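Trainee: This is the structure I have questions about; it appears just below.
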Amino acid sequence: MEGHADPGLGPGTLAVSSGPGHKGAPSWAPDGDRIAFITDGYVVDGSVDTDGVRRWTTKDFGAEEAEWTGEDSLAILGGSPAGEPGTPRPLYRGTYEEGSLAVEEVSTGIRAMSADPEAETMIVAFEISPSKTGLAALRSNGEIGRVFTDVIRGVVTGISPSPSGEEAVLAARAGGPEGPYDLHLFDLRTGESRRVVSLGADQQIFGTPQWTEHGIYYVGGESGTSGSEKTALYNLYRVPTDPDEDQLPQPAPGVGREFVAASVQASPNGKRLAVIGRLNPNSPINLYVLGLEAQDLDAVTTNEDMEIKTGPDDLDWSPTGDGVAIVARGVPSGEPVVRGAPAQALLEDFFNVYEVPVSDREMPR
Amino acid sequence: MREALFWISGAAVAFLLTAGAFLMLANSGTGPAEKSLEPGPQRTEQGPNLEMSLDEDRLATLEALPNQSLDVGVENTGDEAVSDVNLTVEVYSENTALSDARYYRRTVEELGAGRSVTVNFALDLAPLVETTTPDTPELPRRIVEIRARTPEGVSAAKTLILPL
């Protein structure tokens, strides 16, 4: 069933997975062929060209996030009961060598991570104390490459490096897990951090803020707003990083005043944003691409009756910027459903991972 | 006059020969031969073929309890009889991290061409061990996968997804 187009999302869309299982958090391999994702708490990867998936962990693993750190290695965060963003968790390294998969724990107390498969490194935010977070660069084998001396006063909940790997944007809750959100710019060359803005106590950041050439973009909203499905009323915000500009969050230009954002990710060269959201609170959820220079918003999917997952990690750009992986299913009816095929061949009845083509392939960075 | 008749009859013969040659070429051309578009008998497959059906009106009455009745209709829509049709029913969770499953099996010894049979299964649809996580806030649905297969490899499958 893999590779079949799904008519509910638009032309050119290809299925990476099929069958039962709650899938999420797709991560595109650096060679662009395979996509790793979480299914019911365990890690698998698959491609549109092959049937079935390859399982990396035990089924009771409790994985929350997996990112490629090389052609045949994954960094896996989780392995414990899921918690709020920023909750310290073990970090594992999964490797695939000579047809054999192996998973080993490489660190504990990791609050957030971001992998760079080209450089075969990852930046991790680790717990120093309940209200302080340190940053370190790890090699793909888990060895520590560098520990940065600057300490973030708060609980880091997300990291997004720049395409050059010289800077990273951090979201942190000042003072502790319940504190107000700050946005930091971390210079990975000098190891110095700079707080860009502090949000009000009633504002929260949903997911990981994104470094772009045109400032920091993030999905935010009032605290207490449900982050699930149709009730989410988050907006897309932009914070300029140029010290000469007023560094206050403003609604992102180009998406329209009524746009409701759910999740966002910057493209590999940082010039575009993939955004899952609605044009207005009553329109269907779709995948959009926002060109940051021209401030033009293009609908990439043409969804009418599919339910696109809106979790902060439920989208990922292809390494060349010519596709985005998303997770979607048909809207459940609540009634018994009969299908004329084995369960493993079914697509729309379960959350599955799809490759959605995006025009304008990007030049390698 | 005789000379004119000779030329006219010669031209007529030449015309007929040429026309005949064209007709022969047209009939023996390389295009595909015409096929009869008359449809064959409906629903009859060459060789044995199985189709399954479920009484969809009764599915809404299924509950998350033991001893739930499920009728599975099996029809041989082919033109040959089949024997030893193995019917298997597997009940498991939509949550693929759970390995718990319940299996049921029945055999239909003989099913003639064009014949059908209804096989009843008493399924235990009581809850399997279910857990939810923040990523899967809704209770996983129950999957009932029904397969029919003969030793010769003739098969059919149905999947029933129950929001129990």
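Every read-out reported here was derived from the displayed coordinates using simple, explicitly stated rules and does not represent laboratory data. Quick caveat: nothing in here was measured; it's all calculated off a predicted structure. So basically every Cβ, Gly included, is an ideal-geometry build from the backbone, and we count neighbours across all protein chains shown.
Trainee: Have a look at segment A:272-355 and give its Rg and Dmax from the Cα atoms, expressed in angstrom.
Mentor: 14.7, 48
Trainee: Let me ask another. Taking the simple approach of a point 7 Å from Cα along Cα-to-Cβ for both residue B:102 and residue A:233, what is their distance in nm?
Mentor: 4.4 nm
Trainee: Can you give me the C-alpha center-to-center distance between segment A:299-356 and segment B:62-103, rounded to a whole angstrom?
Mentor: So the two Cα centres are separated by 27 Å.
Trainee: Ok, one more. For each of A:244, A:314, A:322, A:49, count neighbouring Cβ atoms within 10 Å of the residue's Cβ, then give the residues from fewest to most.
Mentor: Values: A:244 6, A:314 26, A:322 17, A:49 11.
Lowest count first: A:244, A:49, A:322, A:314.
Trainee: Distance in nm between label sites at residue A:283 and residue B:57, each 7 Å beyond Cα in the beta-carbon direction?
Mentor: The modelled label-to-label distance comes out at 4.4 nm.
Trainee: Can you give the relative contact order of segment A:288-333 as a percent, counting alpha carbon pairs under 8 Å and 6+ residues apart? All intermediate terms of the calculation are to be shown ahead of the outcome.
Mentor: Details: 45 pairs, mean separation 13.9, N = 46.
Worked out over segment A:288-333, it gives 30 percent.
Trainee: Could you tell me the calculated FRET efficiency between residue A:198 and residue B:64, based on Cβ-Cβ distance and R0 = 51 angstrom, to the nearest 0.05? Kindly include the intermediate steps, with their values, before the conclusion.
Mentor: Working: r = 50 Å, r/R0 = 0.97.
Using R0 = 51 Å, I get an efficiency of 0.55.
Trainee: Work out the mean other chain Cβ neighbour count within 10 Å for the residues of A:56-67 and drop it here as an integer. Before the final figure, lay out the partial values.
Mentor: Values: counts 0, 0, 1, 5, 4, 1, 2, 0, 3, 0, 0, 0.
That average works out to 1.
Trainee: May I pose another question? Would you kindly derive the ³J(HN,Hα) couplings of segment A:49-59 from the backbone phi angles with the Karplus curve 6.51 cos²θ - 1.76 cosθ + 1.60 (θ = phi - 60°), listing them in order in whole Hz, with x for Gly and Pro?
Mentor: Going residue by residue, I get 8, 10, 7, x, 10, 10, 8, 9, 10, 5, 5 Hz, with x marking Gly and Pro.
Trainee: Which links in A:23/A:132; A:132/A:309; A:271/A:309 stretch past 26 Å when you go from one Cα to the other?
Mentor: Values: A:23/A:132 32 Å; A:132/A:309 32 Å; A:271/A:309 24 Å.
The pairs that break the limit, which is 26 Å between Cα atoms, are A:23/A:132; A:132/A:309.
Trainee: Where the centre of each part is set by its Cα atoms, how far does segment A:164-190 sit from segment A:236-290, in angstrom?
Mentor: Centre-to-centre distance over Cα atoms comes out at 19 Å.
Trainee: Evaluate peptide A:17-29: per residue, the Cβ atoms of other protein chains within 10 Å of its Cβ; return the mean as an integer.
Mentor: 3
Trainee: Summing +1 for each Lys or Arg and -1 for each Asp or Glu, what net charge is found among the other residues whose Cβ lies under 13 Å from the Cβ of residue A:57?
Mentor: Values: positive: A:54, A:55, A:59, A:93; negative: A:40, A:45, A:60, A:64, A:65, A:104, A:105.
Result for the local shell: -3.
Trainee: Continuing with this model, one more query. Would you grab the residues whose amide H sits under 5 Å from the one on residue A:34? Only those 5+ places off in sequence or on another chain, please, with H modelled 1.01 Å from N.
Mentor: Counting only residues 5 or more places away or on other chains, the set is A:29.
Trainee: Is segment A:11-95 rounded, prolate or oblate when judged by the Cα gyration tensor, a ≥ b ≥ c being the square roots of its eigenvalues, rounded requiring a/c under 1.5 and prolate requiring a/b larger than b/c?
Mentor: Numbers: a/c = 1.94, a/b = 1.52, b/c = 1.27.
Taking the square roots of the gyration eigenvalues as a ≥ b ≥ c, segment A:11-95 is prolate.
Trainee: By count of other Cβ within 10 Å, fewest leading, how are A:327, A:255 ordered?
Mentor: Values: A:327 27, A:255 21.
Fewest to most other Cβ atoms nearby, the residues stand as A:255, A:327.
Trainee: Which shape class applies to chain A: rounded if a/c is under 1.5, otherwise prolate when a/b exceeds b/c and oblate if not, where a ≥ b ≥ c are the square roots of the Cα gyration tensor eigenvalues? Intermediate values should be presented prior to the final figure.
Mentor: Values: a/c = 1.57, a/b = 1.18, b/c = 1.33.
Cα axes put chain A in the oblate bin.
Trainee: Multiply the residue gap between residue A:293 and residue A:144 by 0.36 nm, knock off their C-alpha separation, and tell me the result in nm, one decimal place.
Mentor: Numbers: separation 149, 0.36 × 149 = 53.64 nm, distance 3.71 nm.
Stretched out fully, the residue A:293 to residue A:144 stretch lengthens by 49.9 nm.
Trainee: Using 10 Å bins from zero, what percent of all Cα-Cα pairs in segment A:1-158 falls into each bin?
Mentor: Using 10 Å bins, I get a P(r) of 11, 38, 32, 15, 4, 0 for segment A:1-158.
Trainee: While we're on this one: Whose amide H sits under 5 Å from the amide H of residue A:309, counting only residues 5 or more places off or on another chain, with H placed in the peptide plane?
Mentor: Here the answer is A:327, A:328, A:329, since their amide H atoms fall under 5 Å of that of residue A:309.
Trainee: Mind running the shape call on segment A:59-148? Use the C-alpha gyration tensor, a ≥ b ≥ c as the square roots of the eigenvalues: rounded below 1.5 for a/c, prolate if a/b tops b/c, oblate otherwise.
Mentor: Details: a/c = 2.29, a/b = 1.28, b/c = 1.79.
Here segment A:59-148 falls in the oblate category.
Trainee: Over all pairs of distinct alpha carbons, what does the Kirkwood formula give as the hydrodynamic radius of segment A:23-63, in Å?
Mentor: Working: mean 1/r = 0.0972 Å⁻¹.
Kirkwood radius, segment A:23-63: 10.3 Å.
Trainee: Still on this structure, please answer the following. Going by average Cβ neighbours within 10 Å, how do the peptides B:67-76, A:38-47 rank, with the highest at the top?
Mentor: On the way: B:67-76: 17.7, A:38-47: 24.9.
Going by the mean number of other Cβ atoms within 10 Å, highest first, we get A:38-47, B:67-76.
Trainee: Using a 10 Å cut-off on Cβ atoms, rank the peptides A:148-159, A:62-73 from the highest mean neighbour count down.
Mentor: Working: A:148-159: 21.0, A:62-73: 22.7.
Order by mean packing, descending: A:62-73, A:148-159.
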